[in-house]
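To keep things clear, I will list the structure first and then write my remarks on it.
Bear in mind that the values in this text are calculations on the coordinates, not laboratory data. Bear in mind that the values here come from a model prediction, so they are computed numbers and not experimental data. Every residue, glycine as well, gets a Cβ built from its backbone with ideal geometry; the counts of neighbours run over all protein chains shown.
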Amino acid sequence: MNISVFCGSSIGNNKIYSEKAISLGEEFLRQDIDLIYGAGSVGLMGVIAETILAKNGRVVGVVPKFLEQKEVVHQNLTEIHLTETMSERKDLIIKFSDAFIAMPGGFGTFDELTEVLTLLQLEQSEKAVALYNINGYFDPMIEQIKRGVEEKFIRKEHADSLIISDNPKEIIQLCKDFVPPKLDKWIDELKNKNTY
C-alpha cells in the first residue's frame, strides 16, 4: 500500500509533533506501507522520511524543480520524481497514492488536503483522506467543517467521509477499511433545488 502524507516543512513549536511523526513512520514500517510525500528533508517531512529510511522502508518523493534547487530535497530517497509545477506535483502524488493522511502543516498542507477532499466529494477519487490530529491541531478545521454542514455548504455525508484520529495504527486501519460515500444525483439536486 502507498500512503501519501501531507505535512509541514517546519517541526512546529512542540516536540509532540515530531514524536507522533516518528510513531506514524514506525507504523508504516510495521505494516510495510510505502510513504509518498513532497520529498522534503526538513520539518515533519524530514522526520517521517528519516524514520522510514533508517530501517530500509520505501520513501517516494515528488517535488517541483524550483524546490530542488533550493536544496531542501532529501537526498537519500528510494525514488524521486521531479515536476515543473506544484500542480503537477499534486497530480503525481494523487496518482501514486492509495490514501492520504494530513499531519500538522501550513498552507501547502491545507491546499493538498482540500484538493483530495474535493476530488472525493466530486467522485473523481475513491481514496481515503485522513487527519492525523496531533495535539488537537486540526480542531479548528474540524469545527469549520461542522459549521459548513450546519450552514448547508457541505453535505454531512461528505464531512463524515473525512477520517480523524491521533492514533497511527487506527488511522491506517481506517484508511484500509474506507468505503467512499455514494450520493446519487446530489449535483442534480443542487441545480434543480438550489439547495444542498
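Listed values, structure above:
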| item | result |
| --- | --- |
| Under the span-like rule (Cα at least 18 Å along the axis, Kyte-Doolittle mean at least 0.0), DSSP H helices of the chain | 107-121 |
| Ranked by how many other beta carbons lie within 10 Å on average, peptides 143-153, 41-51, 79-89 from highest | 41-51, 79-89, 143-153 |
| Virtual spin-label span in nm between residue 149 and residue 10, 7 Å along Cα→Cβ | 3.0 |
| Selected from 61, 164, 183, residue furthest toward positive end of dipole (the chain; charges at beta carbon) | 183 |
| Exposure proxy ranking, count of Cβ atoms within 10 Å, fewest first, for 137, 37 | 137, 37 |
| Kirkwood hydrodynamic radius of the range 2-193, from inverse mean 1/r over distinct Cα pairs, in Å | 17.1 |
| DSSP bridge orientation in the chain - percent antiparallel, rounded to nearest 5 | 5 |
| Mean ellipticity per residue at 222 nm, deg cm²/dmol - from DSSP H runs of n ≥ 4 across the chain, formula -39500 (n - 2.57) | -14000 deg cm²/dmol |
| Ranked by how many other beta carbons lie within 10 Å on average, peptides 52-59, 9-16 from highest | 52-59, 9-16 |
| Amide H partners (placed H, <5 Å) of residue 101, local residues excluded | 4, 5, 6, 130 |
| Dipole magnitude of the range 61-189 about its Cα centre (Cβ charges: Lys, Arg +1; Asp, Glu -1), debye to nearest 20 | 80 |
| Segments 23-36, 107-120 sorted - mean Cβ within 10 Å per residue, highest first | 23-36, 107-120 |
